[in-house]
Amino acid sequence: MNGYPRTIESGTGEQLTFLRRVQHDGKERLEVENCVKPGAGPPFHTHHLQEESLTVRKGKIGYQIMGQEPQYAEAGQSVTFTPGVAHKFWNAGDDDLECDGYVTPPDNMEYFLTQIYTLTRESGGKQPNPFDTAYLMHRYKSEFAMHEIPAFVQKVMFPIFRTIGRLTGRYRKYADAPEPVVR
């Protein structure tokens, strides 16, 4: 992916702008900024390989580590999620939440989020198409997990969706998808 800055929208009140890829302390980092509408934010998820950090520029962010109580941060404060930690965040205020942030290493974060945001937007802000979600979650399982998708759906239904998707040629559109990162 290239052509910075580049903005994606989820259709659920989240806008994410990929600003640039830079070297920072000897590591590649994807710098971003986001704007989240009140009450909006991603569900519980894990970046298995990436650190994610957000610094609040405007508004109030609510965030939660799975199994812990919600916490909050306001303008000037930062929230960092280490690799492998299930988390979510949301706009906990009444006005737009604006943050600056980064993901390091970027790996396939930009590609994955672009696809997921596109699918969510195409579904009218509802759950993304299960065929494409099943493909992306399986292909990039070494990098990302979505914890609010029921285990039954992930273990039983997603393999069925992937099989049907392969047999019908649905996944040809992912022919140029980057290889998953495995460490």
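What follows is calculated from the coordinates using simple rules that are stated; it is not laboratory data. Since we're looking at a predicted model, the values are computed, not measured. When we count neighbours, we look across all protein chains shown, and the Cβ atoms used for this are built from the backbone with ideal geometry, even at glycine.
Most fluctuating residue of 50, 154, 68 in a GNM of the chain with Cα springs under 10 Å: which is it?
Highest fluctuation among the options: 68.
What do you get for the angle between helix 158-167 and the principal long axis of the chain? Use alpha-carbon atoms, 0 to 90 degrees, nearest ten.
The angle comes out near 60 degrees.
Each residue of segment 70-76 in turn: what ³J(HN,Hα) in whole Hz from Karplus with 6.51, -1.76, 1.60 and θ = phi - 60°, glycine and Pro shown as x?
Per-residue couplings from phi come out as x, 10, 9, 9, 10, 3, x Hz.
Report the local net charge at residue 55: Lys and Arg +1, Asp and Glu -1, summed over other residues whose C-beta lies under 12 Å from its C-beta. Please list the in-between numbers first.
Numbers: positive: 57, 58; negative: 31, 33, 52, 74, 98, 100.
In short, -4.
Mind pulling the angle between the C-alpha long axis of helix 109-122 and the longest principal axis of the chain? Nearest 10 degrees, somewhere in 0 to 90.
Tilt relative to the chain: about 80 degrees.
Pairing the Cα long axis of helix 130-139 with the longest principal axis of the chain, what angle in degrees results, from 0 to 90 and rounded to the nearest 10?
Orientation of helix 130-139: about 80 degrees from the principal axis.
With θ set to phi - 60°, apply the Karplus curve 6.51 cos²θ - 1.76 cosθ + 1.60 along segment 34-49 and write out the HN-Hα couplings as whole Hz, x wherever there is a Gly or Pro.
So the J values, rounded to whole Hz, are 9, 9, 10, 6, x, x, 8, x, x, x, 3, 8, 10, 9, 5, 10.
What percent does the relative contact order of segment 26-183 come to when contacts are Cα pairs within less than 8 Å and at least six residues apart?
27
So which residue, out of 43, 159, 150, gets the largest mean-square fluctuation from a GNM of the chain using Cα contacts under 10 Å as springs?
Highest fluctuation of the listed residues: 150.
Pairs to check: 37/173; 37/155; 60/173; 141/173; 58/155. Give those whose C-alpha atoms are more than 28 Å from each other in this structure.
On the way: 37/173 31 Å; 37/155 33 Å; 60/173 38 Å; 141/173 19 Å; 58/155 40 Å.
Table pairs above 28 Å Cα-Cα are 37/173; 37/155; 60/173; 58/155.
With the chain treated as a Gaussian network of Cα nodes joined by springs under 10 Å, which of 156, 36, 56 yields the largest mean-square fluctuation?
Top of the fluctuation ranking is 156.
In terms of Cα to Cα distance under 20 Å, which aspartates and glutamates are near enough to residue 126, apart from those fewer than 8 places away along the same chain?
Straight-distance partners of residue 126: 9, 14, 148.
Quick one: Cα centre-to-centre distance for segment 21-68 and segment 132-183, in angstrom?
That distance is 23 Å.
Check residue 40: other-chain or 5+ apart residues with amide H under 5 Å from its amide H, H built from backbone geometry?
For residue 40, the qualifying residues are 91.
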